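Q: Just dropping this structure here.
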There are 2 protein chains.
Amino acid sequence: MGASKLNLRGYTFAKETSLKAFQDYYPDSVSHCYGCGRLNTQGLQIKSYWDGEESVCAFTPWPQHIAVPGFIYGGLIASLIDCHSTGTAAAAAYRAEGREMDTLPPYRFLTASLQVDYLKPTPSGVPLEVRGRVEEIKGRKVVVSSTLSAGGIVCARGRVVAVRVPEGLMPE
Amino acid sequence: MGASKLNLRGYTFAKETSLKAFQDYYPDSVSHCYGCGRLNTQGLQIKSYWDGEESVCAFTPWPQHIAVPGFIYGGLIASLIDCHSTGTAAAAAYRAEGREMDTLPPYRFLTASLQVDYLKPTPSGVPLEVRGRVEEIKGRKVVVSSTLSAGGIVCARGRVVAVRVPEGLMPE
């Protein structure tokens, strides 16, 4: 289908990646997360998109995000997997209802549990790609499994159980 | 044994807490971790200590470390549990050999897997306490389970499988 690509934050996505990120649809009141909130000016501000059946997020760690020089610290990897997975959970919940993310009611997910397996040292200085896949949607629960890769090599695997925030508990 | 207390980073520990943190013993070459390296000037610089059979770390999140206003984001909680657990693994490995952390060879641990269960929203603006307990030491592997509390209430539980970096792979 040709070589058309989209360049976001220095990372090249396949053309079919949508332009507006999951996190761009979060209501302002729940957009302050250090990992994924677009209103947290000091945070990571990760952005997640559909890429077919998978969700994808690219993030280039900051110079200080190292474990030892040349490699990324585990807490950042956990953060990326966590926030990308809750974003994927929200997007999947809208999709399961056949509606767009800018329709009401707004859905936002919290992490109930997070599992990360660190398979290889993750190099610094390159964009990291987190890819999520929805394993289960049941009631308010969504389970997302994911990989975190650098240069096409999977360095970590994640699994997040995300739970939708009840409407009455969404901040105003 | 009396009410003598030690105040560290605004948090009150029991008297028997030692004064030099596990991370203060790490060789310079492995002291750059964003979570726990004393040489990472932009990092969290967490400090962990023995408190009897448990290890303890107190950290007051920065204002930007929120999920929603008033509550801490999950990635920070994962980071604190991760770095406190690898520190605890190192300290436990020295202790198992009956030697102090300033003796050779130096031991440093990496995370093989991290599990975090988020039990309650973790409030912002207060010190968080991570308490670790060594579940298993076997060869180069140490398993540490932990709780993360705010104001005495357990908000998250963690489990880390840590693996000792082979001596030949320790950075110079």
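The values are calculated or read from the model by the stated rules, or taken from the named source; none is laboratory data. Quantities reported herein were computed from a predicted structural model and do not represent experimental measurements. Note that we place each Cβ from the backbone using ideal geometry, even for glycine, and neighbour counts take in every protein chain shown. Calculation scope for accessible area: heavy atoms of the full protein, side chains included, ligands and nucleic acids excluded. Shrake-Rupley method; radii C 1.70, N 1.55, O 1.52, S 1.80 Å.
Q: Given the criteria within 16 Å of B:ARG95 (Cβ to Cβ) and in contact with a helix residue (DSSP H, G or I) (Cβ under 9 Å, 6 or more places away or on another chain), does B:TYR34 qualify?
A: Values: within 16 Å of B:ARG95 (Cβ to Cβ): no; in contact with a helix residue (DSSP H, G or I) (Cβ under 9 Å, 6 or more places away or on another chain): yes.
So B:TYR34 does not fit the description; no.
Q: Any idea how many residues of segment A:107-121 are closer than 15 Å to A:VAL161 by Cα and either open to solvent by less than 40 Å² (accessible area, probe 1.4 Å) or in contact with a His (Cβ under 8 Å, 6 or more places away or on another chain) (or both)?
A: 7
The rows are residues; the columns are (1) under 15 Å from the mean Cα position of the chain (by Cα); (2) over 30 Å from B:THR86 (Cβ atoms).
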| site | (1), (2) |
| --- | --- |
| A:PHE71 | no, no |
| A:GLY87 | yes, no |
| A:ALA91 | yes, yes |
| A:ARG108 | yes, yes |
| A:GLN115 | yes, no |
| A:ALA150 | no, no |
| A:ARG157 | yes, no |
| A:PRO166 | no, yes |
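Residue by residue, here is whether (1) closer than 30 Å to A:ASP28 by Cα; (2) open to solvent by less than 10 Å² (accessible area, probe 1.4 Å); (3) among the β-branched types (Val, Ile, Thr) holds:
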position	(1), (2), (3)
B:GLY35	yes, yes, no
B:THR41	no, no, yes
B:ALA67	yes, no, no
B:GLY70	yes, no, no
B:GLY74	yes, no, no
B:ASP102	no, no, no
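Q: Which condition breaks for B:LEU80 when tested against (1) open to solvent by less than 10 Å² (accessible area, probe 1.4 Å); (2) in contact with a helix residue (DSSP H, G or I) (Cβ under 7 Å, 6 or more places away or on another chain)?
A: Here B:LEU80 clears every test but (2).
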